[in-house]
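The structure appears right after this line, and notes come after that.
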Amino acid sequence: MLKIKNLHKSFGGREVLHGVNLEVNDGEICGFIGQNGAGKTTTLRCSVGILEFEQGDIEVNGIDIRKNPLDAKRTLAYLPDNPDLYDNLSCMQYLDFIADLFQVDSKQRMQRIEELGKEFEIFDRLGDPLKSLSHGMKQKVAVISALLHNPKLLILDEPFVGLDPQSTFILKQKMHALCQQGGSVFFSSHVLEVVENLCDHLVIIKSGKVIKDDATDAILAGGKNLEEIFLHLEEE
């Protein structure tokens, strides 16, 4: 579903990604972990076509993100770590705008908005302006916007920050359901316990290089938990 080959990215002449290689397979949830500044967000932003990169190839569902960016982006959804929503719009206006971008027909979008709005317990607030919502409620709207067009690939940067326990549980269910339908999830998080319990596959990045890439069961086979393994790798 997602293939990254020899990805190099620099800012101001300083290279921050040094030949990143990884794959997220169909039907799996892949966790992406590393310390602050390791290159997680930069990798995710390159993967969804927000950032240009100097060298390497990225394919989303077999589509090159640089050669055919619109076709690639139609198959994915990206939830950044700090979503910038249009505060002067109402929640419904914002979701309508996202649905228009992804060409979701009017009947389907209303069904999806009602279904997701009720599941995330925000349906009764969809007429409110976004600027009136708390951070957690805005995060719910951002999550709904990412799920609205039934993406094949869901790329999430710290998706659980700000969500209440019920919404966190529902998002996890949505991630599993997407994979059961043949889609994939690639997400970063500092909450290692969640990553350990949720993911089929783990990628650990350090200083712009992938230092561990394997099935979760294989990484945990030695009997240590993910926190212990992560801290040991960071010390090497």
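The values are calculated or read from the model by the stated rules, or taken from the named source; none is laboratory data. All of these numbers come straight from a predicted model, not from anything done at the bench. Note that each Cβ is placed from the backbone with ideal geometry, even for glycine, and that neighbours are counted across all protein chains shown. Accessible surface areas use protein heavy atoms only, side chains included; no ligands, DNA or RNA. Shrake-Rupley method; radii C 1.70, N 1.55, O 1.52, S 1.80 Å.
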Compute the relative contact order of the range 186-235 as a whole-number percentage, counting only Cα pairs closer than 8 Å that sit 6 or more residues apart in sequence. 31
Assuming R0 = 22 Å, can you tell me the calculated FRET efficiency for the pair Val16 and His135, based on Cβ-Cβ distance, to the nearest 0.05? 0.20
Whole-Hz couplings from phi, Karplus 6.51/-1.76/1.60, listed for the range 74-79; x for Gly and Pro: 5, 8, 10, 9, 10, 10
So, with a 1.4 angstrom probe, what is the percent of accessible area on the range 177-235 that is carbon and sulfur? 45
Report, ordered by chain and residue number, the lysines lying within cross-link reach of Lys67, taken as a straight Cα distance under 17 Å and ignoring same-chain residues fewer than 8 apart. Lys3, Lys5
Shape box of the range 100-236 [Cα atoms, principal axes, largest first, Å]: 51, 32, 26
Between the range 95-131 and the range 1-74, how far is it from one alpha carbon centroid to the other, in angstrom? 29
Evaluate Rg over Rh across the chain, taking Cα atoms for both radii and Kirkwood's formula for Rh. 0.97
With the 8 Å Cα cutoff and a minimum separation of six or more residues, the range 86-236 has a relative contact order in percent of 18
What whole-number volume per residue, in cubic angstrom, does the convex hull of the C-alpha atoms of the range 1-133 give? 150
Which of Lys107/Lys152; Lys131/Lys206; Lys118/Lys172; Lys118/Lys138; Lys118/Lys174; Lys40/Lys131 exceed 25 Å between C-alpha atoms? The answer is Lys131/Lys206; Lys40/Lys131
For Asn61, which sequence-distant residues (separation of 5 or more, or a different chain) have an amide H within less than 5 Å of its own amide H, given hydrogens modelled in the peptide plane? Leu2, Lys3
Could you run the Karplus curve 6.51 cos²θ - 1.76 cosθ + 1.60 with θ = phi - 60° over the range 153-170 and give me ³J(HN,Hα) per residue in whole Hz, x for Gly and Pro? 10, 10, 10, 10, 10, 6, x, 8, 5, x, 7, 6, x, 5, 5, 4, 4, 5
Per-residue ³J(HN,Hα) for the range 45-53, Karplus 6.51 cos²θ - 1.76 cosθ + 1.60, θ = phi - 60°, Hz, x for Gly and Pro: 5, 5, 5, 9, x, 7, 10, 6, 9
Descending semi-axes in whole angstrom, ellipsoid equivalent of the range 1-77, from the Cα gyration tensor: 20, 15, 10
